[in-house]
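Take a look at the structure below.
The values are calculated or read from the model by the stated rules, or taken from the named source; none is laboratory data. It should be emphasised that the depicted structure is a prediction, and the values quoted were computed from it without experimental measurement. Methodologically, a virtual Cβ is constructed for each residue, glycine included, from the backbone with ideal geometry; neighbour enumeration extends over all protein chains shown.
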Amino acid sequence: MESLNLKLLEVCSKCGACYHICPSCLNLDEGYDPRAVIKDILAGQYEKWLSHKSIWQCLECHHCLEICFQHYGFENAMAAMRTLASKKGLATTQVKRGWDMFIKTSKLGEPAAPARKKLGLPEAAKSGAEDFKKILKIYQERKV
Amino acid sequence: MKDFTVFWGCTIQTRFPFLEKSTRMVLDGFNLPYRDIDGFTCCPEKSLVNNIDHGLWVLTAARNVALLDKAGVDLVSPCTGCVSNLATVNSELHLDNKEKNKVNSILNEIGLEFKGKNKLRHLVPFFHDEVGIPAIKNKLIKPFNGMRIAIHYGCHMIRPSHALKNDDPLDPKKFDNLIRAMGAESVQYMTKLLCCGQGLDRVDQHENALHFARLKLKELKALKVDAMALCCPSCYLQFDNNQFLMEKEGEKFGIPILYFTELLGMAMGYRPEDLGLDSHRIEATDFLEKWQRLNGELAKTTELNRQLEEGFGIAQP
Ligand code: SF4
Ligand code: SF4
């Protein structure tokens with residue numbers, strides 16, 4: 001996915017259509033507005049947004065993606081900003097915590113065994129944690 | 001019908017095992033050919049993993065899909081996020097051979113290959129398309145005639161549509177059809193397709209998450225619906241748990257949040273407590289009472305009609 005495609009963003013700066021279908025744009029009082037972020041990206045001044053809570057307010061509801069004639073949507077610009085923020089250690093506390101758990105266990109939680117027993121559920125299938133560890137190692141080695 | 005496995009996902013198995021229970025009960029009730037397979041990890045959650053490392057998001061999802069290729073089964077999930085994530089990666093790899101080869105060069109090391117040959121479907125469109133409305137109607141013992149239910153689709157049941165291809169992404173109908181098939185009215189409301197907003201709770205913005213929950217619950221309270229129906233553990237968390245938290249602070253909505261599988265199970269005659277309804281934080285007492293009462297009336301009418309019909313057959317003295 002081309003996340004920060006300046007050519008596409010150039011078109012966004014003239015369009016802005018998805019603002020009017022975006023639930024966060026329409027409902028958050030403090031004013032979530034990717035149009036402002038996109039303007040700054042195009043001007044090369046996006047730095048200030050990396051520590052702004054706005055970039056985490058995209059709900060990834062994909063409404064913008066559905067209506068966008070470029071098949072781009074605000075969400076892709078916002079996701080790219082979040083990746084940049086994360087690289088600088090600026091992800092929110094819960095995101096960091098979730099990420100650590102995922103990397104360590106391959107999941108975001110383990111089946112609740114006592115509750116399963118009480119409900120009469122069969123034992124949960126085995127997770128793929130071991131294989132995940134292996135491919136994660138190869139992936140990281142190849143990345144560097 | 002082709003064999004399938006159920007992708008339960010982290011949230012249901014960690015926090016809401018009773019949703020797994022009701023799902024298994026309805027799948028068993030229809031005698032559907034499913035089996036659990038070992039080896040799944042987190043789908044993984046897009047808003048978490050993709051934000052930080054797109055490549056790892058793709059690789060992890062591709063590994064889960066490759067397990068289906070190995071077992072030769074389709075996938076059905078009662079979680080909208082899981083299906084949407086897996087389907088999005090599936091479609092991305094089908095469009096990009098280079099990336100697919102890169103992923104497979106790693107998966108080969110653990111004896112897997114991503115082919116993406118099997119169907120990935122959410123439980124609601126699966127019931128609509130594969131089980132079918134007539135078969136569902138045949139199973140109904142205690143339908144919801146007279147009940148007013150508001151559907152919350154959940155964004156990821158229907159979007160992104162290029163990957164999921166299961167309903168109209170801006171005007172979906174399948175969940176509505178199912179709720180109507182169970183006898184209830186699917187109440188139409190302004191915020192019907194509004195995102196639940198639970199994602200904000202995962203990025204340390206609890207007040208904003210509550211703000212989104214409130215938008216829908218307020219409207220549904222004004223419309224006096226009997227319940228909200230959904231089929232996503234994340235949306236369930238948002239409307240059941242966060243509604244409960246708001247009620248503790250004195251904001252009362254009183255909207256029971258019922259999972260698609262719980263409604264279907266109840267209509268099929270299973271007992272609410274066996275389906276896990278007593279694990280909900282928002283009680284469904286009023287809903288259940290009204291439903292029992294209406295079913296009593298329905299049974300009486302049916303009995304009267306039977307006697308009437310019989311009357312015509314009685315031989316005159
Ligand atoms: S995906 Fe994000 S930016 Fe797009 S409409 Fe939804 S909340 Fe707005
Ligand atoms: S993402 Fe698409 S719909 Fe939104 S402003 Fe850009 S071009 Fe317009």
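When the residues of region A:27-54 are narrowed to those that are touching a residue at least 12 places away in the same chain (Cβ under 8 Å), more than 11 Å from chain B (Cβ to nearest Cβ) and under 17 Å from the mean Cα position of the chain (by Cα), which ends up farthest from ligand 2 (Cβ to nearest atom)?
Only one residue fits best here, namely A:S51.
Scan region B:10-46 for residues that are in contact with an Asp or Glu (Cβ under 8 Å, 6 or more places away or on another chain), closer than 16 Å to A:A113 by Cβ and more than 7 Å from every other protein chain (Cβ to nearest Cβ) and jot them down.
Hit for region B:10-46 is B:I12, nothing else.
Which number in (1) in contact (Cβ under 8 Å) with a residue 24 or more places away in the chain; (2) surrounded by 19 or more Cβ atoms within 10 Å (Cβ to Cβ); (3) more than 16 Å from ligand 2 (Cβ to nearest atom); (4) of a type in the set (A, V, I, L, M, F, W, C) marks the one condition that A:A91 misses?
Status for A:A91: all satisfied but (1).
Please give the helices (runs of 4 or more DSSP H) falling wholly within region B:205-258 in which 3 or more residues are touching a Phe, Trp or Tyr at 6+ places or on another chain (Cβ under 8 Å), buried (at least 19 other Cβ atoms within 10 Å of the Cβ) and hydrophobic (A, V, I, L, M, F, W, C).
In region B:205-258, B:206-222 are the helices (runs of 4 or more DSSP H) which contain 3 or more residues that are touching a Phe, Trp or Tyr at 6+ places or on another chain (Cβ under 8 Å), buried (at least 19 other Cβ atoms within 10 Å of the Cβ) and hydrophobic (A, V, I, L, M, F, W, C).
Identify the single condition in (1) more than 30 Å from A:L90 (Cα to Cα); (2) within 11 Å of another protein chain (Cβ to nearest Cβ); (3) assigned to a helix (DSSP H, G or I) that B:P169 does not satisfy, given that it satisfies every other one.
Unmet condition: (3).
Going residue by residue through region A:55-76, is there one that turns out to be within 7 Å of chain B (Cβ to nearest Cβ) and over 19 Å from the mean Cα position of the chain (by Cα)?
Within region A:55-76, none of the residues are within 7 Å of chain B (Cβ to nearest Cβ) and over 19 Å from the mean Cα position of the chain (by Cα).
Among the numbered criteria (1) more than 7 Å from chain A (Cβ to nearest Cβ); (2) in contact with a helix residue (DSSP H, G or I) (Cβ under 8 Å, 6 or more places away or on another chain); (3) part of a helix (DSSP H, G or I), which one does B:D176 miss?
Only one criterion is unmet by B:D176, namely (2).
Quick check on my filter: what residues within region A:25-68 are within 13 Å of ligand 1 (Cβ to nearest atom), within 21 Å of A:K88 (Cα to Cα) and assigned to a helix (DSSP H, G or I)?
The answer is A:P34, A:V37, A:I38, A:S54, A:I55, A:W56.
Just to verify a result, which residue in region A:4-26, among those that are of a type outside the set (A, V, I, L, M, F, W, C) and surrounded by fewer than 18 Cβ atoms within 10 Å (Cβ to Cβ), is nearest to ligand 2 (Cβ to nearest atom)?
Going through the qualifying residues, I end up with A:G16.
What do you reckon, is B:G72 at positive phi, at pLDDT 95 or above and in contact with a helix residue (DSSP H, G or I) (Cβ under 9 Å, 6 or more places away or on another chain)?
Considered against the rule, which asks whether it is at positive phi, at pLDDT 95 or above and in contact with a helix residue (DSSP H, G or I) (Cβ under 9 Å, 6 or more places away or on another chain), B:G72 comes out as no.
Out of everything in region A:77-88 that is more than 9 Å from every other protein chain (Cβ to nearest Cβ) and farther than 14 Å from A:R35 by Cβ, what residue ends up being farthest from ligand 1 (Cβ to nearest atom)?
This residue is A:K88.
With the checklist (1) more than 15 Å from ligand 2 (Cβ to nearest atom); (2) surrounded by fewer than 16 Cβ atoms within 10 Å (Cβ to Cβ); (3) outside the structural domain of A:L136 (by TED's automatic domain parsing) in hand, flag the one item A:D100 doesn't pass.
Only one criterion is unmet by A:D100, namely (3).
Hey, can you tell me all the residues within region A:110-122 that are surrounded by fewer than 17 Cβ atoms within 10 Å (Cβ to Cβ) and within 9 Å of chain B (Cβ to nearest Cβ)?
Within region A:110-122, A:E110, A:K118, A:G120, A:P122 qualify.
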